[in-house]
1. Need a quick list: helices (runs of 4 or more DSSP H) entirely within region 63-153 having at least 1 residues that are surrounded by 14 or more Cβ atoms within 10 Å (Cβ to Cβ) and at pLDDT 95 or above.
Amino acid sequence: MSSTFWQSLATPHSQLYAEPERLAAAGYVAERREEKGRRRRTFSITSRGRRELMRWLTDPRSEIGVEVRDAGLLKLFFGDLVEEGDVVALAHALERLHQRRASEYERIADQFDGDGATRFRAASLRMGLIYERASVRFWRSISEELTPQERRR
């Protein structure tokens with residue numbers, strides 16, 4: 001499956017670089033660094049890390065909860081501070097963004113062959129599609145609410 005599916009997760013680059021070091025310090029991953037060139041670092045999971053991963057994967061509780069970090073929704077929340085046209089422009093832009101993501105997820109979904117090995121990945125992707133399609137409908141409804149009827153024709 002393409003990593004594009006996970007691009008919608010907003011993870012700061014600083015965390016992407018700090019987290020492997022934290023995991024290595026805890027003994028969950030081992031680091032190998034190239035001797036020459038760019039001195040790339042490669043991390044691999046340790047047996048301790050695999051045990052912790054399996055413990056986490058098999059724990060049915062979700063102590064993490066659901067977190068939606070959407071800058072567009074935050075801007076919409078403060079929409080009364082700007083002109084309605086600015087909110088309409090935001091809604092149009094986000095409708096297009098979510099439509100592009102939905103199209104990309106549909107392309108990725110076409111790559112699944114339906115065998116049992118990918119069914120959970122396909123189910124996760126299906127949830128991503130539901131989210132993106134709902135977001136398209138939501139942002140379209142915002143722009144339609146704010147666009148005068150006669151301009152929509």
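1. Where helices (runs of 4 or more DSSP H) fall fully within region 63-153 and carry at least 1 residues being surrounded by 14 or more Cβ atoms within 10 Å (Cβ to Cβ) and at pLDDT 95 or above, they are 71-77, 84-109, 119-146.
Okay, residues lined up against (1) modelled with pLDDT of 90 or more; (2) assigned by TED's automatic domain parsing to the domain that holds Phe120; (3) over 24 Å from the mean Cα position of the chain (by Cα); (4) surrounded by 14 or more Cβ atoms within 10 Å (Cβ to Cβ):
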{"position": "Ala18", "(1), (2), (3), (4)": "no, no, no, no"}
{"position": "Arg22", "(1), (2), (3), (4)": "yes, no, no, no"}
{"position": "Arg32", "(1), (2), (3), (4)": "yes, no, yes, no"}
{"position": "Ser47", "(1), (2), (3), (4)": "yes, no, yes, no"}
{"position": "Glu52", "(1), (2), (3), (4)": "yes, no, no, yes"}
{"position": "Leu57", "(1), (2), (3), (4)": "no, no, no, no"}
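The values are calculated or read from the model by the stated rules, or taken from the named source; none is laboratory data. No experiment lies behind these values; they were computed from the predicted model shown. Every residue, glycine as well, gets a Cβ built from its backbone with ideal geometry; the counts of neighbours run over all protein chains shown.
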